[in-house]
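Enquirer: Encoded as structure tokens, here's the structure I'll be asking about.
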Amino acid sequence: MKNIAPAIFPPNGIGDTKPTNQAVLEWVHEIGKLTKPENIFWCDGSEGENEFLITESLKQNVLIKLNDKKVPRSYLHRSNPNDVARVEKVTFICTPTKEEAGPTNNWSEPADTYSKLHELLNGAMRGRTMFVVPYIMGPPDSPLTKVGFEITDSKYVVLSMRIMTRMGKIALNRLGNDPKAEWNRGVHSLLDVDPDRRFICHFPQDNTIISVGSGYGGNVLLSKKCFALRIGSYLARKQGWMAEHMLILGVESPEGKKHYVAAAFPSACGKTNFAMLIPPAHFNGWKVTTVGDDIAWMEIRDGRLFAVNPENGYFGVVPGTSYKSNPNAMKSIEHDTLYTNVALTDDNDVWWEGKDGAPPKHAIDWRGNVWTPDSKEKAAHPNSRFATPMRNNPALDPDVEKGEGVPISAIIFGGRRSDTVPLVYEAFDWNHGVYLGATMASETTAAATGAVGKVRRDPMAMLPFCGYNIGDYFKHWIDIGKRLTNPPLIFNVNWFRKGENGKFLWPGFGENMRVLKWVIDRCERRGGALKSPVGWLPSPHDLDLEELDIDHKSVADLLGIDHEEWHKELAEHKKFFDSLGGVVPEELLKQGEQLAARFNL
Ligand code: OXD
Ligand code: MN
């Protein structure tokens with residue numbers, strides 16, 4: 001196997017912070033025996049360590065230094081062109097029985113899978129450095145916070161984990177010396193980045209993840225999709241909390257009244273943009289702040305849901321990000337940012353489709369080839385990414401580190417739908433809300449390999465991330481509802497509805513504040529709404545559309561319920577539930593019947 005990650009040799013004082021927990025030491029020893037690295041690098045998250053890793057990564061062309069005047073302390077990484085997105089078809093949940101993984105996951109028998117992976121890992125780190133990355137997910141003093149360790153042979157992974165998690169000594173301290181303490185074991189090796197030897201395997205019962213053959217963030221930053229969502233959702237059900245693919249934002253009125261909202265959208269549907277929304281001028285005095293842009297861990301306290309963002313950074317889609325679409329994201333990625341697969345300009349700045357200003361006359365595209373505006377290829381990969389510390393976000397919520405989390409007033413589900421689904425509506429109650437989440441669908445994007453633009457059901461935006469049987473996951477939602485005496489209201493939104501001319505009807509971005517305002521009004525029991533078969537629907541005058549350039553017909557189209565379209569939609573709900581082979585809880589089947597009855601079906 002070609003050594004694509006040659007070993008590095010740190011000076012004394014760097015890479016030698018060994019944990020003291022015996023269970024960790026034994027596990028690292030075993031993985032070392034299997035993968036046979038040249039040396040072991042124990043990360044502590046220090047500045048000196050980071051500088052050393054960056055210097056070595058520059059030497060080995062893992063990173064390209066960007067123009068320090070334009071994007072200070074920032075770097076570009078190019079992944080292998082065969083390795084640019086999450087690969088769901090090689091992502092497995094390895095539970096003792098297939099039923100535990102359920103109908104929506106690829107299942108693989110644990111013992112067989114371990115032995116296949118161990119074969120692949122045998123000697124895989126020869127001539128390489130094995131990094132041991134301790135990290136925590138969640139604010140340092142939160143009861144929800146969990147410890148993970150990732151072993152990897154990729155410097156890019158270590159540098160990214162440093163941005164995306166609270167990494168290093170903080171995790172060693174949190175874990176302590178109890179050999180029985182709970183912590184996640186993650187093993188990653190690039191191998192030779194061959195798509196045929198690429199597997200992302202989760203063993204929920206063992207709190208273990210093994211990912212091989214990829215260097216793409218979603219497959220290899222094991223803290224994120226693998227731990228915080230797939231293993232996290234499994235642990236959450238067992239332990240009575242929730243791990244969700246949701247942003248968390250704060251909305252503060254000019255009078256200083258604040259609500260928090262959690263929102264689930266499938267990958268690349270604008271979660272980061274929504275989490276960093278800047279209200280339009282008309283909403284002078286309103287403030288939106290970001291707690292998280294991708295993942296929410298939530299627990300029940302005093303009958304309410306409280307949420308923390310387990311992450312410490314943002315791993316966002318770059319193309320389309322601009323001062324128009326998301327000024328806070330632009331400010332966040334102007335410095336101290338690790339870019340992947342964007343274009344490089346002649347003055348070592350970064351560029352992507354949709355960035356403000358004119359395209360460069362000449363650049364190097366994401367594959368390392370010359371690019372000009374006449375090129376047929378995109379300069380930046382559609383799923384090119386930034387990893388940036390959340391501290392960079394000018395709109396970061398002041399309570400982001402609060403251990404108890406923030407109280408959630410509303411949950412929003414949303415997808416990318418050209419038709420059928422109105423701009424916004426509210427569920428009649430919790431179980432109806434769970435039905436909205438369970439039946440949500442979206443047109444697929446470049447965040448995962450496969451066809452783009454196909455409508456697929458993506459319950460709670462968790463289809464690729466639920467680490468156990470989706471039927472049990474639905475039931476968990478229903479059970480959580482029973483324990484909530486003050487549950488969040490649940491909404492569905494669709495920013496992406498199109499008119500007859502094929503153009504988007506809604507301007508989106510900052511203007512989504514208008515929808516958010518109605519959501520908040522409903523939480524405050526003051527917003528008007530009409531009862532419709534799908535839920536509580538605002539009439540045009542319930543939404544604040546002042547100073548917005550939109551015509552009556554577009555608003556009517558945005559809020560319209562077309563019965564014929566909905567008859568088809570209901571048939572799709574039923575088809576989806578049927579495809580799950582009898583795992584859908586009674587409560588949701590009943591919701592489907594009630595919805596059909598409201599449409600006189
Ligand atoms: C992500 C995703 O990267 O959902 O957040 O794919
Ligand atoms: Mn995501």
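Enquirer: What single numbered condition from (1) open to solvent by 10 Å² or more (accessible area, probe 1.4 Å); (2) closer than 24 Å to His563 by Cα fails to hold for Ser409?
Expert: (2)
Enquirer: To continue, here is another question. Regarding Arg78, is this residue under 26 Å from Phe203 (Cβ atoms) and under 25 Å from the mean Cα position of the chain (by Cα)? Please lay out each step first, then the result.
Expert: On the way: under 26 Å from Phe203 (Cβ atoms): no; under 25 Å from the mean Cα position of the chain (by Cα): yes.
No, not satisfied.
Enquirer: Continuing with this model, one more query. Of all residues in segment 11-37, which are open to solvent by less than 40 Å² (accessible area, probe 1.4 Å), closer than 19 Å to Ser154 by Cα and not in a helix (DSSP H, G or I)?
Expert: Once the filter is applied, which keeps residues that are open to solvent by less than 40 Å² (accessible area, probe 1.4 Å), closer than 19 Å to Ser154 by Cα and not in a helix (DSSP H, G or I), segment 11-37 yields Ile14, Gly15, Thr17, Pro37.
Enquirer: Does segment 315-322 include one or more residues that are within 14 Å of ligand 1 (Cβ to nearest atom), open to solvent by 20 Å² or more (accessible area, probe 1.4 Å), within 27 Å of Val452 (Cα to Cα) and under 18 Å from the mean Cα position of the chain (by Cα)?
Expert: For segment 315-322, residues within 14 Å of ligand 1 (Cβ to nearest atom), open to solvent by 20 Å² or more (accessible area, probe 1.4 Å), within 27 Å of Val452 (Cα to Cα) and under 18 Å from the mean Cα position of the chain (by Cα): present.
Enquirer: Please state which of the following conditions His335 fails to meet, knowing it meets all the rest: (1) within 22 Å of Val220 (Cβ to Cβ); (2) of a type outside the set (Val, Ile, Thr); (3) part of a loop (DSSP other than H, G, I, E, B).
Expert: (1)
Enquirer: Further, regarding this structure: Right, Thr290: within 16 Å of ligand 2 (Cβ to nearest atom), crowded, with 24+ Cβ neighbours inside 10 Å and farther than 30 Å from Leu484 by Cα or not?
Expert: So Thr290 does not fit the description; no.
Enquirer: Moving on. What number goes with the only condition from (1) in contact with a Lys or Arg (Cβ under 7 Å, 6 or more places away or on another chain); (2) within 16 Å of ligand 2 (Cβ to nearest atom); (3) in a loop (DSSP other than H, G, I, E, B) that Arg416 does not pass?
Expert: So Arg416 meets the others, but not (1).
Enquirer: Ok, one more. Output the residue which, of all residues in segment 450-469 that are buried (at least 19 other Cβ atoms within 10 Å of the Cβ) and closer than 27 Å to Trp536 by Cβ, is farthest from ligand 1 (Cβ to nearest atom).
Expert: So in segment 450-469, the residues buried (at least 19 other Cβ atoms within 10 Å of the Cβ) come out as 457-469.
From what's left, closer than 27 Å to Trp536 by Cβ: 457-463.
Details: Arg457: 16, Asp458: 10, Pro459: 14, Met460: 13, Ala461: 8, Met462: 10, Leu463: 11 Å.
My answer is Arg457.
Enquirer: OK, next. Test of understanding: among Ala343, Ala329, which residue is out of contact with any Gly (no Cβ under 6 Å at 6 or more places or on another chain), of a type outside the set (Ser, Thr, Tyr), farther than 19 Å from Asn219 by Cβ and within 16 Å of ligand 2 (Cβ to nearest atom)?
Expert: Of the residues listed, the single one that is out of contact with any Gly (no Cβ under 6 Å at 6 or more places or on another chain), of a type outside the set (Ser, Thr, Tyr), farther than 19 Å from Asn219 by Cβ and within 16 Å of ligand 2 (Cβ to nearest atom) is Ala329.
Enquirer: Next up: Only one of these is at positive phi and more than 22 Å from the chain's Cα centre (by Cα): Arg497, Arg525. Name it. Before the answer, list the steps.
Expert: Details: Arg497 fails: at positive phi.
Exactly one residue qualifies, and that residue is Arg525.
Enquirer: Looking at (1) at pLDDT 95 or above; (2) touching a helix residue (DSSP H, G or I) at 6+ places or on another chain (Cβ under 8 Å); (3) open to solvent by less than 20 Å² (accessible area, probe 1.4 Å), which is the one condition that is false for Ser325?
Expert: Only one criterion in (1) at pLDDT 95 or above; (2) touching a helix residue (DSSP H, G or I) at 6+ places or on another chain (Cβ under 8 Å); (3) open to solvent by less than 20 Å² (accessible area, probe 1.4 Å) is unmet by Ser325, namely (1).
Enquirer: Please enumerate the residues belonging to segment 212-230 that are more than 10 Å from ligand 2 (Cβ to nearest atom), in contact with a Gly (Cβ under 8 Å, 6 or more places away or on another chain) and either basic (Lys, Arg) or closer than 16 Å to Leu117 by Cβ (or both).
Expert: Scanning segment 212-230 gives Leu222, Cys226, Arg230.
Enquirer: Would you be able to say whether some residue in segment 383-398 is among the hydroxyl-bearing types (Ser, Thr, Tyr), more than 22 Å from Leu570 (Cβ to Cβ), out of contact with any helix residue (DSSP H, G or I) (no Cβ under 9 Å at 6 or more places or on another chain) and in a loop (DSSP other than H, G, I, E, B)?
Expert: Yes.
Enquirer: So how many residues does segment 490-502 have that are in contact with a Ser or Thr (Cβ under 8 Å, 6 or more places away or on another chain) and surrounded by fewer than 21 Cβ atoms within 10 Å (Cβ to Cβ)?
Expert: Within segment 490-502, the subset in contact with a Ser or Thr (Cβ under 8 Å, 6 or more places away or on another chain) is 496-499.
With the extra rule that they be surrounded by fewer than 21 Cβ atoms within 10 Å (Cβ to Cβ), the set shrinks to 498-499.
So the count comes out to 2.
Enquirer: Ok, one more. Need at least 1 residues that are more than 16 Å from ligand 1 (Cβ to nearest atom), acidic (Asp, Glu) and open to solvent by 10 Å² or more (accessible area, probe 1.4 Å) per element, so show me which strands (runs of 3 or more DSSP E) inside segment 226-271 make the cut, counting only ones lying wholly within it.
Expert: Hits in segment 226-271: 246-252.
Enquirer: Let me ask something additional. Among the residues of segment 293-300, is any under 19 Å from Pro507 (Cα atoms) and open to solvent by 10 Å² or more (accessible area, probe 1.4 Å)?
Expert: No, segment 293-300 has no match at all.
The values are calculated or read from the model by the stated rules, or taken from the named source; none is laboratory data. A quick note: this is a predicted structure, and the numbers were derived from the prediction, not measured. Virtual Cβ from ideal backbone geometry, glycine too; neighbours counted across all protein chains shown. The accessibility values were calculated without ligands, DNA or RNA, using every heavy atom of the protein model including side chains. Shrake-Rupley method; radii C 1.70, N 1.55, O 1.52, S 1.80 Å.
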